[in-house]
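The values are calculated or read from the model by the stated rules, or taken from the named source; none is laboratory data. Note that the structure is predicted; figures quoted are calculated from it, not measured. Don't worry about glycine lacking a Cβ; one is built from the backbone with ideal geometry, like all the others, and counts go over all protein chains shown. These accessible areas exclude ligands, DNA and RNA; they are computed on the full protein's heavy atoms, side chains included. Shrake-Rupley method; radii C 1.70, N 1.55, O 1.52, S 1.80 Å.
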Amino acid sequence: MNAAPRLRLDLPLAAGVVLAVSVARLLVGGLSGLSYDEAYYAFWSTHPAAGYLDHPPMVAWMMTIGRAVFGNTEFGVRAMTVLALALTSAAIFRTTAILADRRAAALAVILFNFAPGIALGFVATPDAPSMLFWAAALWAVAEFIGSQGASWWLAAGLFAGLGLTSKYTDAFLPLGLFLFIIVSRERRVWLRLWQVWAGVALALAVFSPVLVWNAQRQWVSFRFQGSRTIVDGIGSAAARHIFELVSGFVVTLGPVLAAAAFAG
């Protein structure tokens, strides 16, 4: 008796999952009302600018495009967010295929799309473009590792700058890449490449309109977000926040991805 055919983890399966999940997100997103934050960002999108009080402008820019193409509806507000998650999946697949193999890449995409925190992926927040450009910057670095084509650092810089226009926490990405480089003697030679430093300059250039907007307004957005990082005292309060962070990882990512993240 022949054994049942084994499910093949590869690009077609991963693409099918992304397509099915994206259609579901679009359907649910088009039929459900906006959350409080989404309505707030949608109001921003009626007045395109280089910055806003709470966040950098990318989420509002995406909503502006979506509303222009699909109309002033819930679907229009959320369409670009769903597209951003699909593109994030593509970046994850290619990055993993370069650094591991296509089977691992397909599994990574499936786990990403079925992570509990992505179940509400149709909700339009700054997290969607933040994830997209973070993943895209890592993809560019992976392409450099695979091909040694130094120009990929320019792409990484572009995506890192776009990430900063999405969410300020994307500043941790270039810091992480710098640490990734300097902890290895083999990788430290990359710092001799002018493309690495040109990528840094490009990231700052892309982010510069947000900097100018803040400078003209007494750094209001930076001060607002900075004030949220300050808590009174340490000890039990800090321990509680650490517990919330760890438990939030597990709930949002699911046990498999959370375990991989902590192992990494």
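The table that follows gives values for the structure above.
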{"quantity": "Within segment 65-81, tally of residues that are closer than 19 Å to Phe133 by Cα and either in contact (Cβ under 8 Å) with a residue 60 or more places away in the chain or open to solvent by less than 70 Å² (accessible area, probe 1.4 Å) (or both)", "calculated": "5"}
{"quantity": "From Trp213, Trp194, residue being over 24 Å from the mean Cα position of the chain (by Cα), among the aromatic types (Phe, Trp, Tyr) and either at positive phi or modelled with pLDDT of 95 or more (or both)", "calculated": "Trp194"}
{"quantity": "Total residues in segment 76-102, condition charged (D, E, K, R) and closer than 10 Å to Ala14 by Cβ", "calculated": "1"}
{"quantity": "Matching entry among Arg67, Arg8, Arg78, Arg25 (being out of contact with any Lys or Arg (no Cβ under 9 Å at 6 or more places or on another chain) and charged (D, E, K, R))", "calculated": "Arg67"}
{"quantity": "Selection count where residues are of a type in the set (Phe, Trp, Tyr), crowded, with 19+ Cβ neighbours inside 10 Å and at pLDDT below 95, scope segment 93-139", "calculated": "2"}
{"quantity": "Selection status of Ala15, over 22 Å from Asp127 (Cβ atoms) and surrounded by 12 or more Cβ atoms within 10 Å (Cβ to Cβ)", "calculated": "yes"}
{"quantity": "Selection status of Ala90, surrounded by fewer than 23 Cβ atoms within 10 Å (Cβ to Cβ), within 29 Å of Ala39 (Cβ to Cβ) and either at pLDDT below 95 or small (Gly, Ala, Ser) (or both)", "calculated": "no"}
{"quantity": "Entirely in segment 151-219, the helices (runs of 4 or more DSSP H) that have 1 or more residues that are surrounded by 20 or more Cβ atoms within 10 Å (Cβ to Cβ), touching a residue at least 12 places away in the same chain (Cβ under 8 Å) and in contact with a helix residue (DSSP H, G or I) (Cβ under 7 Å, 6 or more places away or on another chain)", "calculated": "152-164, 172-182, 194-215"}
{"quantity": "Some residue of segment 168-177 being at pLDDT 95 or above, closer than 26 Å to Asn214 by Cβ and touching a Leu at 6+ places or on another chain (Cβ under 6 Å)", "calculated": "yes"}
{"quantity": "Flag if Ala142 is assigned to a helix (DSSP H, G or I), of a type in the set (Gly, Ala, Ser), over 22 Å from Ala205 (Cβ atoms) and modelled with pLDDT of 95 or more", "calculated": "yes"}
{"quantity": "Leu53 vs. criteria more than 21 Å from Phe122 (Cβ to Cβ) and exposed (fewer than 15 other Cβ atoms within 10 Å of the Cβ)", "calculated": "yes"}
